[in-house]
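To start, the structure under review is shown below, and the notes come after it.
The values are calculated or read from the model by the stated rules, or taken from the named source; none is laboratory data. Remember, it's a predicted structure, so these values are computed and weren't measured experimentally. Every residue, glycine as well, gets a Cβ built from its backbone with ideal geometry; the counts of neighbours run over all protein chains shown.
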Amino acid sequence: MADLLERADIQGIILSGYVHLPWSAFMLLTIDPAHAGGARRWLGAIADAITTAEGKEDASSVNLALTATGLANLGLDRTALDSFAIPFTDGMNSPLRSRILGDATGDTGPEQWRWGGPHNPVDVLLMLYADSDRNRDALVARIRAEIAASGALAECALLDAGLYPDRNEHFGFADGVGQPAIDGTGHAKRAHAANVVNPGEFLFGYENEYGYAAEAPALGPKRDLGKNGSYLVFRHTTQDVAGFWQFLDRQSRTPDGREDPVARERLGAKFVGRWKSGAPLALAPDADDPNLGATDAFGYAENDAHGFGCPLGAHARRANPRDALLTDKPAESLKRTARHRIMRRGRSYGPRIADPLVPDGQERGLHFMCLCANIARQFEFVQQTWINNPVFGELGVEVDPLVGAQSDAAVMTLQQTPVRRRITGVPSFVRLVGGAYFFVPGVSALRWLATLG
Ligand code: HEM
């Protein structure tokens, strides 16, 4: 397929993780509806600074997304708002979404979130990327001055984030390896055919995996303005790195109680589905193989149908079961999983832990972010039907061992011969402390929003 994308209108984050700009900050803003005019003027001005998917900025990039409350506070009318997908207008913090996502309620639910909860909703997300800490700080300072001058917006949080030189997340594993590629782009030419998906899975207005144009919100005098946009899921999580490695340590000791670092690391890889280097367990079942690190060209059905290498319930295998969703039907499995892919854009924050077995009291985690044109069919489906589903892969009781909503009966099964091994009492290693669903408009839609009123 030729590249049919209207790149000059598409925000860069949809096609790029900006790995050449490792310093980043996510600024969360609210709009004062009493000063919607000022907010729209600010939006019109910042539209000129948005980095698009055409070309590459060397020093810094700016992308912008809005929640449903943000659109309403800018003055978008009810009819236009209702043309957005229901999960988006509901919001991630709604009781129904919490139920679907398996998010805690009560003491650790949205009511307690640091941002994005019912008492502290956010309207705007600015994603700021730079090639150095100096340029990132300069960008933040410039934008802060523009926000102050608008008299219409307030900053609720500035979330620091970065890509570490090794590109690993804090548990110590390479992140961002398993990823779809949009058909027609340069990425798709280099990707394994099974990872190439239609643009409409990530961009409104383009053909999706059902052969239809992905539904766009009805914006502007012409319906076309919704085109080139997408949804962005943001989940601010904390990671208990020492808790993770201490648990693995206890489960991997020798019969006489001695530490076994090799067994510990293997067990960690079994939880994730890839080794620390990123090498898939389906291809490297016994030990890490850094030569395979970046590979995304593999299936489970052909290499590891029974989960002896990569457990059936490992995080990466649940999050994308590839050709093994249905037993003995690899082609049909691939067709189905292609409809549930997400484009991950997360970034870690917080200091690296010095010794992963020793708690240091510092906070660290992952700003999990992903793009999808259909929140319910892509992100929520992955979370509800694969990650948090106890009967996924006919396992029976367990959920994702890395990020699942664990209960008291938490289990992780390792398929092996002669008998499987069941690890019990798996705690939660990841906690959600904020989040929201955002709309990433095309640049022309952004300009149009700036003219409302
Ligand atoms: C703190 C939270 C999380 C951590 C630390 C984490 C970590 C990882 C790691 C280490 C990998 C393997 C390397 C890779 O392919 O990039 C991975 C893969 C993946 N994760 Fe997560 N993850 C987290 C949350 C989530 C959530 C909430 C979802 C979706 C609901 C998700 C979806 C995926 C997907 C789709 C893959 C790629 C699977 C593949 O294509 O093979 N992750 N994650």
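Structure values in brief
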| item | result |
| --- | --- |
| When residues of the stretch 129-171 are limited to those that are modelled with pLDDT under 95, charged (D, E, K, R) and in a loop (DSSP other than H, G, I, E, B), the one farthest from the chain's Cα centre (by Cα) | 166 |
| Within the stretch 356-373, tally of residues that are closer than 20 Å to residue 161 by Cβ and either surrounded by 14 or more Cβ atoms within 10 Å (Cβ to Cβ) or away from the ligand (no atom under 14 Å from the Cβ) (or both) | 10 |
| Pairs where the first residue, in the stretch 154-168, is closer than 13 Å to residue 21 by Cβ and the second is within 14 Å of the ligand (Cβ to nearest atom) and of a type in the set (S, T, N, Q), C-beta under 8 Å, 6+ apart | 161/348; 162/348; 163/348 |
| Qualifying residue in the stretch 280-294 (condition: closer than 20 Å to residue 422 by Cα, within 12 Å of the ligand (Cβ to nearest atom) and among the small types (Gly, Ala, Ser)) | yes |
| Filter result (of a type outside the set (Val, Ile, Thr) and either within 11 Å of the ligand (Cβ to nearest atom) or buried (at least 17 other Cβ atoms within 10 Å of the Cβ) (or both)) within the stretch 174-189 | 174, 175, 176, 178, 179, 180, 181, 183, 184, 188 |
| Members of the stretch 386-409 that are touching a Gly at 6+ places or on another chain (Cβ under 7 Å), away from the ligand (no atom under 16 Å from the Cβ) and among the hydrophobic types (A, V, I, L, M, F, W, C) | 395 |
| Residue that is surrounded by the fewest Cβ atoms within 10 Å (Cβ to Cβ), among those in the stretch 296-346 that are near the ligand (Cβ under 10 Å from one of its atoms) and over 20 Å from residue 384 (Cβ atoms) | 296 |
| Entirely in the stretch 374-453, the strands (runs of 3 or more DSSP E) that have 2 or more residues that are surrounded by fewer than 18 Cβ atoms within 10 Å (Cβ to Cβ) and at negative phi | 421-424, 430-440 |
| Residue among 102, 109 that is closer than 26 Å to residue 377 by Cα and either touching a Lys or Arg at 6+ places or on another chain (Cβ under 7 Å) or free of Cβ contacts under 8 Å to residues at least 60 places away in the same chain (or both) | 109 |
